[in-house]
Amino acid sequence: MEKAVKLIKLSATPISIFYPLPIVPAVVFSLASAGKDLFTLLKMISLTFTFFAAINLWNHINDVQEDLLSNRQNVFSENEDLRKIGVLLVLGLYFLSFYFVWIWSLDKLAFRFFIVVALLTWIYSDKFIFGKYLIRFKDYYMTEIFTYALAYPFFIFTLWSLASKLNYKAYVLATLLLFFGLYGLFLKDIKDITGDEQAGLNTLAVKFEPSALFKFSLLFLFIFYSLIAVFSLLGLLPTLSFVIFFFIVIPIYVIKVLYKNQWKFTLDLSNLLNLMTTLNVMSLVLLALIATFKL
């Protein structure tokens with residue numbers, strides 16, 4: 001039982017707006033549901049939780065070496081036999097995800113999108129099959145960006161198809177969330193610089209200085225908030241969504257502070273960056289609420 005609990009916790013690590021926080025499913029449901037019952041939302045959450053649990057576990061299984069170099073312990077780095085069980089669990093979760101999409105999707109084109117997402121996320125972490133012959137996608141910054149650029153919007157299309165056929169609103173939301181995802185991508189590896197360098201990887205964190213990563217991430221965040229303003233003014237998002245644009249004040253202040261510190265991260269900035277992250281997530285929650293209540 002203790003190992004099962006650890007596996008569940010590991011499957012939800014890192015915490016994301018897909019799983020265990022079902023924020024993205026809520027946003028998609030609010031814009032795509034068109035009056036559908038909450039069972040549609042439950043379908044989206046079930047698919048998202050199943051699929052992202054598989055992605056996270058597969059990533060941890062393949063990252064044992066990097067975790068040991070970074071002094072990060074988990075059940076897979078401590079127990080080799082449990083890794084084999086983890087692989088079987090990952091395969092089962094991937095299969096279940098495909099089954100969910102097959103039986104619930106209202107647009108068969110979305111199933112093709114999901115095949116691409118599943119392949120990309122598998123190859124992204126894989127060291128044992130494709131990784132023997134190809135560079136692992138997460139080990140090289142260009143393939144890392146490529147994976148996010150396709151997998152992020154394609155998974156949004158898949159979720160959307162559980163409520164209705166794909167339409168222009170699905171493409172609008174996928175574009176919006178893509179830039180939100182890229183914002184997170186350029187920040188997520190900063191903490192792993194030492195481990196990635198020791199493992200000989202060429203990730204974003206190794207390729208670029210932290211200051212450059214901050215600049216890229218903030219650029220994508222600016223695009224995200226700007227698109228919310230543009231899409232709401234064009235009627236592609238609920239009109240009241242425009243108020244979310246004013247959340248951009250915090251990133252602007254972060255830029256001011258970072259510029260003053262010559263783009264160097266200091267402990268004094270941690271609270272400010274945490275506040276920015278919280279408000280960014282809250283912007284999606286607010287968007288979901290506005291769309292749900294048709295404000």
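So what is the 222 nm mean residue ellipticity for the chain from helices alone, if each DSSP H run of at least 4 adds -39500 (n - 2.57) and you divide by all residues, rounding to the nearest 500 deg cm²/dmol? Using -39500 (n - 2.57) per qualifying helix, the result is -23000 deg cm²/dmol. Overall, the chain carries a charge dipole of about 660 debye about its Cα centre when +1 sits on the Cβ of Lys and Arg and -1 on the Cβ of Asp and Glu, all other atoms neutral. Helices in the chain that qualify as membrane-span-like (whole DSSP H runs, Cα extent of at least 24 Å along the helix axis, mean Kyte-Doolittle hydropathy of 0.0 or higher) are 38-62, 80-104, 108-125, 141-160, 168-188, 210-233, 270-292. In the structure displayed, which of 3/191; 6/264; 138/264; 6/127; 84/215; 127/207 lie more than 31 Å apart, Cα to Cα? The answer is 6/264; 84/215.
Of the residues 48, 239, 143, the one with the fewest other Cβ atoms within 10 Å heads the list, and the complete ranking is 239, 143, 48. Since only 272, 235, 109 are under comparison, the one whose Cα sits farthest along the positive direction of the charge dipole of the chain, derived from C-beta charges on Lys, Arg, Asp and Glu, is 235.
From least to most packed, judged by other beta carbons within 10 angstrom and beginning with the fewest, 17, 190 follow the order 190, 17.
Look at where the Cα atoms of region 107-155 and of region 190-260 average out, and the two centres are 22 Å apart. The value of relative contact order for the chain, using C-alpha pairs under 8 Å at least six residues apart, is 18 percent.
Counted by neighbouring Cβ atoms within 10 Å, the residues 173, 273, 233 run from fewest to most as 233, 273, 173. Here the relative contact order of region 159-295, from alpha carbon pairs under 8 Å that lie six or more residues apart, stands at 21 percent. Temperature 20 °C, viscosity 1.002 mPa s: under these conditions the Stokes-Einstein estimate for the chain, based on its Kirkwood radius over C-alpha pairs, is 107 µm² per second.
Coordinate-derived values only; no laboratory data. Just so it is clear, the structure is predicted and the values come from calculations on it, not from any experiment. Note: ideal-geometry Cβ built from the backbone for every residue, glycine included; neighbour counts use all protein chains shown.
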